[in-house]
Amino acid sequence: MPRRILITGGAGFAGSNLALHLRAEFPDGKIVALDNLKRRGSELNLPRLAAHGVDFRHGDVRATEDLAAIGPVDILIEASAEPSVHAGQDGSPGYLINSNLAGAINCFDHARLCGADVIFLSSSRVYPIGALNALPLIETGQRLDLPNDARSTGWSTEGISTEFPLTGHRSLYGATKLSAELMLEEYRQSYGVQTVINRFGVLAGPWQMGKVDQGFIALWAARHLFGGELNYLGFGGKGHQVRDVLHIDDMCRIISCQINNIDDLSGRTFNVGGGAGNSLSLAELTAKCRDILGREIPIKPVAETAPVDIPWYVTDNREVTAATGWQPEKNIDQLLGDVFTWLDGHKEQLEPYFAAVPSQKRQNQA
Ligand SMILES: NC(=O)c1ccc[n+]([C@@H]2O[C@H](COP(=O)([O-])OP(=O)(O)OC[C@H]3O[C@@H](n4cnc5c(N)ncnc54)[C@H](O)[C@@H]3O)[C@@H](O)[C@H]2O)c1
């Protein structure tokens, strides 16, 4: 059992939920959450962390001295990032590269120095855009899907597996994630750091500070509840692009399973997500929000597709399930129920937050 756990990006959506989950699981351990609070809304998680005895440190993974100040840990979970696939597309990639790549390497080096294990939150966006765009998708009802018997290397109706070819460009964001993965593997080989890499598909749940370019489930639910504008961006503006979605509680369960079995799992890279049974298009999400709230809001179609947009991503979980026994337990209806309960229960805090989220920039499924 790890005595000291460091979660970088620990005030973010994934990091803060994980900190509370691990607090409950390891009540005698020390849990430190390091975060520079760059993500707007992450500051709303600080009272939650404090209330559960998580030690919050305001710090930056780009600064090795901030990591050194934390001292030795047994396990480091790297969950800090600029997590939008649109980051850097405006011509300024500096923060993205320094934080997601150089910062991640600083984390791995801190783990090397103190002999800690590392669990890295990577992304499905390591897979190349061209190859994903080339999938033989067909339109069925309100969504894009693969034909029933279609399959080739790394893809099938079960989803995308780690066998999916990696040749081609993948966005600056995806490239920082894949580069960090490569460096982590070198740290494992050269220094014996034990590692697990999770290429997560879309994560969602309460305390996700959704915005136009990242966190679409929370944004969609908030706009339906509090009002405001939504757009169907790209792919003809129909909202037929598809993602699978993993409930944050299921993400916490797989990471805690990996912490407990790191000796057996070290060196593994998994695709982890909601899976085919938990996939939906934006148009289907709209229908679910409408059914839950009994309210329809206008959604503007914008046909033009941004260069980093992809039409379909579903996670093939078979490898992670075979290795760990884990599979998602919470479906999309439970997820949406939890998100609406959270929004409704924290209306005073969250309505102003979401009202200030601009609607005009890219608003896609990252
Ligand atoms: N949310 C998803 O759908 C999703 C999917 C796949 C992978 N991921 C990955 O999971 C991780 C967590 O994502 P999230 O959804 O919680 O995002 P998030 O933005 O909510 O959390 C990231 C946190 O990192 C902090 N941060 C950013 N730069 C930092 C720096 N230089 N030093 C210290 N802290 C910094 C931010 O303030 C934020 O609190 C990221 O690595 C992301 O790439 C997320």
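The values are calculated or read from the model by the stated rules, or taken from the named source; none is laboratory data. On a predicted model such as this, the values are computed, not experimentally measured, just so you know. Heads up, the Cβs are rebuilt from the backbone with ideal geometry, glycines too, and the neighbour counts pull from every protein chain shown.
The table for this structure:
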item	result
Qualifying residue in the stretch 266-289 (condition: in contact with a Phe, Trp or Tyr (Cβ under 7 Å, 6 or more places away or on another chain), modelled with pLDDT under 95 and within 17 Å of Leu230 (Cβ to Cβ))	no
Qualifying helices (runs of 4 or more DSSP H) (wholly inside the stretch 168-273; at least 3 residues being among the β-branched types (Val, Ile, Thr), without any contact (Cβ under 8 Å) to a residue 12 or more places away in the chain and at positive phi)	none
Among the residues listed as Ile31, Ile75, Ile97, Ile7, the single one being within 13 Å of the ligand (Cβ to nearest atom), touching a residue at least 12 places away in the same chain (Cβ under 8 Å), over 28 Å from Pro358 (Cβ atoms) and of a type outside the set (D, E, K, R)	Ile7
Filtered residues of the stretch 115-172 (kept if within 16 Å of the ligand (Cβ to nearest atom) and among the polar types (S, T, N, Q))	Ser122, Ser123, Ser124, Thr162, Ser171
Checklist (1) of a type outside the set (D, E, K, R); (2) modelled with pLDDT under 95; (3) under 18 Å from the mean Cα position of the chain (by Cα) applied to Val308, failing item	(2)
Any hit, the stretch 149-162, residues being out of contact with any strand residue (DSSP E or B) (no Cβ under 8 Å at 6 or more places or on another chain), part of a helix (DSSP H, G or I) and farther than 21 Å from Ala306 by Cα	no
Lone qualifier among Gln214, Gln208 - being within 9 Å of the ligand (Cβ to nearest atom), at pLDDT below 95 and within 30 Å of Pro352 (Cα to Cα)	Gln214
Residue match in the stretch 324-331 (condition: within 17 Å of the chain's Cα centre (by Cα) and closer than 27 Å to Ile138 by Cα)	yes
